[in-house]
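Engineer: Here it is, the structure, as structure tokens.
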Amino acid sequence: QVQLVESGGGLVQAGGSLRLSCAASGSIFSRNVMGWYRQAPGKQRELVADITSGGSTNYADSVKGRFTISRDNAETTCNLQMNSLKPEDTAVYYCKLRAGVFNYWGKGTLVTVSA
């Protein structure tokens, strides 16, 4: 069983920064993709960014140039550095790990950006 625990959410003013972290534990295949998704009130969950175990990254257009995803394979952690935050970035952010046909989700961490 794989468990994901997110941390680092909170309240920040527009233009500020936050760093989210996700720690994975359990039986994890070495080849996997870790990523961050977000869900704002009344909206569908959407991909923010993901990163393969080989280091390839993918970003939503809305966060390119502002957010940076990284990972530490030795510790199976994934971080999301969020800069120049906007009120529209307000959402619950979820960590996801995909390994083969299996998808695992964290419980989420709330990010609120005030205008």
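Engineer: Take the stretch 21-76 and flag every residue that is part of a loop (DSSP other than H, G, I, E, B), of a type in the set (Lys, Arg), within 19 Å of Thr109 (Cβ to Cβ) and within 15 Å of the chain's Cα centre (by Cα). I'd like the intermediate steps shown before the answer.
Structural biologist: Initial filter on the stretch 21-76 (part of a loop (DSSP other than H, G, I, E, B)): 27-32, 40-45, 53-56, 60, 64-66, 73-76.
Now drop any that are not of a type in the set (Lys, Arg), which leaves 31, 43, 45, 64, 66.
Restricting the remaining residues to those that are within 19 Å of Thr109 (Cβ to Cβ) gives 43, 45, 66.
Result: Arg45, Arg66.
Engineer: Are any of the residues in the stretch 71-78 more than 11 Å from Trp36 (Cβ to Cβ), among the hydrophobic types (A, V, I, L, M, F, W, C) and open to solvent by 20 Å² or more (accessible area, probe 1.4 Å)?
Structural biologist: Yes, the conditions are met somewhere in the stretch 71-78.
Engineer: Does any residue in the stretch 94-111 that is over 22 Å from Gly54 (Cβ atoms) and touching a residue at least 12 places away in the same chain (Cβ under 8 Å) come within less than 8 Å, Cβ to Cβ, of a residue that is among the aromatic types (Phe, Trp, Tyr) and open to solvent by 50 Å² or more (accessible area, probe 1.4 Å) six or more places away or on a different chain, and which pairs are these?
Structural biologist: Every condition considered, the pairs that remain are Tyr94/Trp105.
Engineer: Being open to solvent by 40 Å² or more (accessible area, probe 1.4 Å) and in contact with a strand residue (DSSP E or B) (Cβ under 7 Å, 6 or more places away or on another chain) is the filter here, so list the residues in the stretch 59-70 that pass it. Lay out the reasoning, then the answer.
Structural biologist: Residues of the stretch 59-70 that are open to solvent by 40 Å² or more (accessible area, probe 1.4 Å), as a first pass: 59, 61-62, 64-65, 68, 70.
Passing the criteria: Tyr59, Thr68, Ser70.
Engineer: Further, regarding this structure: Between a first residue in the stretch 25-46 that is within 26 Å of Lys86 (Cβ to Cβ) and a second residue that is part of a loop (DSSP other than H, G, I, E, B), which pairs have beta carbons less than 6 Å apart while being 6 or more apart in sequence or on different chains?
Structural biologist: Listed by first residue and then by second, the contacts come to Tyr37/Arg45; Gln39/Arg45.
Engineer: Of the residues that sit in the stretch 87-115 and are open to solvent by less than 80 Å² (accessible area, probe 1.4 Å) and either in a helix (DSSP H, G or I) or among the charged types (D, E, K, R) (or both), which one is nearest to Gln44 (Cα to Cα)?
Structural biologist: So, considering only residues that are open to solvent by less than 80 Å² (accessible area, probe 1.4 Å) and either in a helix (DSSP H, G or I) or among the charged types (D, E, K, R) (or both), the one nearest to Gln44 (Cα to Cα) is Asp89.
Engineer: Which residue pairs have Cβ atoms under 7 Å apart, sit 6 or more places apart or on different chains, and have a first residue in the stretch 49-73 that is more than 23 Å from Thr90 (Cβ to Cβ) and a second that is of a type in the set (Lys, Arg) and surrounded by fewer than 15 Cβ atoms within 10 Å (Cβ to Cβ)?
Structural biologist: Listed by first residue and then by second, the contacts come to Ser53/Arg31.
The values are calculated or read from the model by the stated rules, or taken from the named source; none is laboratory data. Note that this is a predicted model, so its numbers are computed, not measured. No Cβ is skipped: glycine too gets one built from the backbone with ideal geometry, and neighbour counts run over all protein chains shown. Accessible surface areas use protein heavy atoms only, side chains included; no ligands, DNA or RNA. Shrake-Rupley method; radii C 1.70, N 1.55, O 1.52, S 1.80 Å.
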